[in-house]
1. Got the relative contact order for segment 183-336 handy, in percent, Cα pairs under 8 Å and 6 or more residues apart?
2. What ranking, highest mean first, results for peptides 263-271, 79-87 when packing means the other Cβ atoms within 10 Å averaged over each residue?
3. Bin by bin, in steps of 5 Å, what percent of the Cα pairs in segment 17-178 do you find, going until the bin that has the longest distance?
4. Provide the descending list of Cα extents for segment 97-235 along its principal axes, expressed in whole angstroms.
5. Suppose R0 equals 22 Å; then what is the FRET efficiency for Trp321 and Asp253 from their Cβ-Cβ distance, rounded to the nearest 0.05?
6. How large is the charge dipole for segment 17-178, taken about the Cα centre, if only the Cβ atoms of Lys, Arg (+1) and Asp, Glu (-1) carry charge, to the nearest 20 debye?
7. Please list 319-330, 239-250, 200-211, 121-132 highest first by mean number of surrounding beta-carbon atoms within 10 Å per residue.
8. Give, rounded to the nearest 20 debye, the magnitude of the charge dipole that segment 153-274 has about its Cα centre when Lys and Arg contribute +1 at Cβ and Asp and Glu contribute -1 at Cβ.
Amino acid sequence: MSQTPQQQSEQQPERKNRFSISREAHEEYVTEMASTMNKLADKIGAGDRPAPVSTPFCPTTGFAYGGASMTRLMLESVDKGYSDDRWLTFKQLQNHKFESKNFKAQIRKGEHGVKLLRSEDVFFVVDKEGKWEFLDDAKAKDLRKQGVEVQHKTLFYPYVVFNASQLENFPPKENPAPALSAEERNAAIDKFVACLGVKQEHGHEKASYDGEGDTIKLPDPSKFKSLDDYYSMKLRLAFHATGHNDRERREPDTFEVMRGETFSMLAGARFGLPMPADGGSWPDTFQGGDKWKAMEASADASKMLSLLDQFSRGEEPKAHWFPKKEEWPAMITAQESSPVSEPAAAPRMRM
């Protein structure tokens with residue numbers, strides 16, 4: 001017996017629109033990243049110290065992953081123990097094989113990639129009957145000039161990347177960047193914090209950042225378990241200082257703690273510093289509240305890491321508020337003129 005159109009419609013799954021796909025992809029992404037962070041917090045709390053990892057990039061395009069994607073891939077590298085910082089899609093791998101007949105690399109059987117998000121800005125207007133019309137950028141700008149209310153949303157679409165460690169017959173990385181020694185790393189951090197323009201005070205009972213006075217307050221290094229712990233805390237407080245009104249102008253909110261902890265995890269993974277042992281704030285922050293804010297927080301943390309990377313390479317960081325290169329020597333000299341005591345028998349970090 002033939003079915004009515006209504007019966008056929010009831011049996012067919014509902015077709016998802018682009019907004020539903022974007023929302024589900026976004027929620028899955030944040031949940032997976034939160035899960036990775038929780039696992040790392042447990043490992044670190046148990047005394048498992050991951051090896052340093054570099055910032056991720058695509059070897060076929062030279063594109064460096066940034067924002068939340070950088071956070072996702074660096075934490076995945078720490079969790080899975082990947083020492084390679086190269087990530088690419090299946091399509092990029094296939095295209096490379098097509099271009100070079102001698103290229104035999106393939107994804108190892110049983111390996112699973114990491115989902116990232118590609119963003120798209122969409123513009124539309126809604127008429128009196130509730131009908132939507134999607135617009136290109138040019139038409140959206142033109143209608144806004146005419147006073148028409150144009151709606152705007154950022155949508156996300158998932159794509160999957162694989163680490164070079166998950167591939168067979170993939171060529172080794174050429175000319176890997178030499179790792180900084182502990183002394184070089186610590187000197188770079190001292191200079192970076194000095195060039196932020198934030199004041200520093202030692203001799204305090206507890207470590208904190210005073211936003212009103214724009215001051216990083218620290219105990220003397222000798223009060224920390226190791227010199228590594230001292231520099232880890234110094235960097236975390238420097239991150240909070242970047243939110244000051246003279247810099248990024250971040251609004252104080254419940255996500256600032258998560259931003260700081262995310263940055264500490266990234267800095268630990270990048271420079272071999274201790275990372276937070278207490279991951280108690282992750283479940284509440286990620287799985288309750290605004291998931292969009294969670295994405296922004298991870299992007300803020302990775303942005304700070306990029307600035308630190310640029311500075312450590314001798315480049316002028318790409319932030320409008322960062323002091324110009326010609327100002328650095330005087331700022332560094334001012335910090336060096338205020339020496340503090342070193343910790344007794346501070347253990348050397350293994351690089």
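Taken together, the values in this text are just the output of simple stated rules run on the coordinates, not laboratory data. Remember, it's a predicted structure, so these values are computed and weren't measured experimentally. No Cβ is skipped: glycine too gets one built from the backbone with ideal geometry, and neighbour counts run over all protein chains shown.
1. Dividing the mean separation by the residue count of segment 183-336 yields 23 percent.
2. Numbers: 263-271: 24.2, 79-87: 17.7.
Descending mean neighbour count gives 263-271, 79-87.
3. 1, 7, 13, 15, 15, 13, 10, 8, 7, 5, 3, 1, 0
4. Computed over the Cα atoms, the extents are 69, 56, 26 Å.
5. Efficiency, from the Cβ-Cβ distance: 0.65.
6. Dipole of segment 17-178, to the nearest 20 debye: 340 debye.
7. Going from most to least packed, we get 239-250, 200-211, 319-330, 121-132.
8. The dipole magnitude comes to about 160 debye.
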